[in-house]
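Below is one structure. I have some questions about it.
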Amino acid sequence: MDIALEQSAPARLITGEERELTVPAKLRYASTDPLAVHLDFPGEVSLDGQGATWTFARCLLESGLRGSAGDGDVHIWPCGPERTVVELHSPYGMALLQFDTCVLQRFLLRTYAAVPAGEEDLGAVVERGLSALFGSV
């Protein structure tokens, strides 16, 4: 049975002027892609007006809730006991967002209830990835 989870996750965008702007965001998880989480932003807050989705490892989110994690386009770290920072890098710049830690923890717990760690069906994930990469070759 395929399971899809969604959860609202309002964020605070930290600007260069030391201001915080509230940004609506949504976390998504699908048992068909059990190693990944998706962070969606609506078009109203993206540069092209089309919205944006960031996809990164579920284990990165888990690690980032406990300490500094990430070495690519996504970095996550705790900011005190109640906030977690997510730093996103793209060719267009960098965004620094703060989330309530309890919101991220609740979402992560829901993903592990859907697909426990170590029980991910990686064969299906690899097969889909290879099919997407090679198509009908």
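Looking at (1) assigned to a loop (DSSP other than H, G, I, E, B); (2) under 19 Å from residue 106 (Cα atoms), find the lone condition where residue 27 falls short.
(1)
Another one. Report whether or not residue 74 is in contact (Cβ under 8 Å) with a residue 40 or more places away in the chain and out of contact with any Lys or Arg (no Cβ under 6 Å at 6 or more places or on another chain).
It is false that residue 74 is in contact (Cβ under 8 Å) with a residue 40 or more places away in the chain and out of contact with any Lys or Arg (no Cβ under 6 Å at 6 or more places or on another chain).
Follow-up question, since we're still on this one. Kindly indicate the residue of region 5-42 that is hydroxyl-bearing (Ser, Thr, Tyr) and either under 15 Å from the mean Cα position of the chain (by Cα) or farther than 17 Å from residue 97 by Cα (or both) and also least open to solvent (accessible area, probe 1.4 Å) among those meeting that condition.
29
Another question about this same structure. Looking at region 43-137, what helices (runs of 4 or more DSSP H) fall wholly within it and have at least 1 residues that are surrounded by 17 or more Cβ atoms within 10 Å (Cβ to Cβ) and either touching a His at 6+ places or on another chain (Cβ under 9 Å) or modelled with pLDDT under 90 (or both)?
58-66
The values are calculated or read from the model by the stated rules, or taken from the named source; none is laboratory data. Nothing here was measured: the structure is a model prediction, and the numbers come from that model. Because the Cβ atoms are built from the backbone with ideal geometry, glycine has one as well, and the counts that use them run over all protein chains shown. Heads up: the accessible areas ignore ligands, DNA and RNA and are worked out on the full protein's heavy atoms, side chains in. Shrake-Rupley method; radii C 1.70, N 1.55, O 1.52, S 1.80 Å.
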